[in-house]
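The values are calculated or read from the model by the stated rules, or taken from the named source; none is laboratory data. Since the model is a prediction, treat every value here as computed from it, not as a measurement. Every residue, glycine among them, receives a Cβ derived from its backbone with ideal geometry; neighbour counts consider all protein chains shown. What goes into the accessible areas is simple: the full protein's heavy atoms, side chains included, and nothing from ligands, DNA or RNA. Shrake-Rupley method; radii C 1.70, N 1.55, O 1.52, S 1.80 Å.
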Amino acid sequence: PDAQRLVLEGRYHWNLRTFESFGRAEEAFRKAIALAPEFAEAHAGLAGVCMSRSNFSALEGLVPLAEDMPTARREAALALQLDPNLAEAHAALGMTHYLERDYALAEKSYESALAANPQLALARMWYGLLLAGMGRFEAAEAQSRKGAELEPLWFMQFQIWGNICQHQGNFSRAAELLARAAALRSELYVSNLGSRV
């Protein structure tokens with residue numbers, strides 16, 4: 001129970017998407033792993049937060065993208081070794097592939113994540129990012145829309161969906177979605193708005 005509580009705490013802080021919250025999330029996931037080393041969800045959470053922090057840091061020009069990536073990749077692989085059907089682990093591994101520009105492997109990972117759990121909004125959001133990066137905007141928007149339906153109170157779902165609409169040239173819809181994202185979050189990103197994951 002304590003490890004599960006720490007994983008939930010880690011997910012909460014990770015979803016805030018700030019550098020401070022990434023640190024708090026990592027601490028919670030590492031404590032969960034110390035309590036229950038075989039807890040796959042804790043390893044998947046640590047993979048996700050390391051991957052996200054690495055991406056944020058690179059976007060801010062602070063450190064190379066690769067700084068946290070070995071940890072993210074290792075923890076995602078360990079989570080899958082512990083639980084091959086854990087959707088969160090497939091999604092985290094998919095995002096590492098995406099950031100390394102291996103889109104084919106990323107797509108396979110997202111498909112595996114959604115086969116394991118079609119209700120995982122995080123996988124829908126990240127899959128949407130991948131599809132948009134590949135120019136498949138209709139499919140990207142469909143994934144983002146579904147992610148927002150599954151997690152209607154998480155600002156990132158609307159942030160990503162709005163950016164996809166921008167790329168499609170649907171600026172009025174993009175403005176509506178980005179305003180909704182802003183309303184769900186008290187602090188807005190200063191730079192690279194919408195590029196973060």
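Using just its DSSP H runs of length 4 or more, each adding -39500 (n - 2.57), the chain gives a mean residue ellipticity at 222 nm of -24500 deg cm²/dmol after division by all residues.
Length gained on full extension, residue 184 to residue 138: 14.1 nm, using 0.36 nm per residue less the C-alpha separation.
Derived scalar couplings between HN and Hα for region 134-151 equal 8, x, 9, 5, 5, 5, 4, 5, 4, 5, 5, 4, 5, x, 5, 5, 6, 10 Hz in order, rounded to whole Hz, by the Karplus curve 6.51 cos²θ - 1.76 cosθ + 1.60 (θ = phi - 60°), x for Gly and Pro. The HN-Hα couplings worked out from phi for region 121-131 by the Karplus form 6.51 cos²θ - 1.76 cosθ + 1.60 (θ = phi - 60°) are 4, 4, 5, 4, 5, 5, 5, x, 4, 4, 4 Hz, whole numbers, x standing for Gly and Pro.
For region 87-157, the square roots of the Cα gyration tensor eigenvalues, ordered a ≥ b ≥ c, give a/c of at least 1.5 with a/b no greater than b/c, which places it in the oblate category. Computed from label points 7 Å out along Cα-Cβ, the spacing between residue 19 and residue 38 is 3.9 nm. Residue 24 exposes around 120 Å² of accessible area when a 1.4 Å probe is run over every protein chain in place.
Among residues other than residue 131 with Cβ under 13 Å from its Cβ, the summed charge is 0 (Lys and Arg +1, Asp and Glu -1). Of all stretches in the chain that contain no GluC sites (Glu not before Pro) in a DSSP loop with at most 14 other Cβ atoms within 10 Å, the longest one is 101-186. Angle of helix 155-168 to the longest C-alpha principal axis of the chain, folded into 0 to 90 degrees and rounded to 10: 40°. Listed values (i) 17.3, 52; (ii) 18.7, 59; (iii) 15.7, 49 include one computed from this model; for Rg and Dmax of the Cα atoms in Å that value carries the label (iii).
Per-residue Karplus couplings for region 72-88, computed as 6.51 cos²θ - 1.76 cosθ + 1.60 with θ equal to phi - 60°, are listed in order as 4, 5, 5, 5, 5, 5, 5, 4, 5, 5, 6, 8, x, 9, 7, 4, 4 Hz, Gly and Pro entered as x. Which value in Å does the Kirkwood hydrodynamic radius of region 4-118 take, with 1/r averaged over all unlike C-alpha pairs and then inverted? It works out to 13.7 Å. Note on residue 111 and residue 171: the extension gain reaches 18.7 nm, defined as 0.36 nm multiplied by sequence separation minus the Cα-Cα distance.
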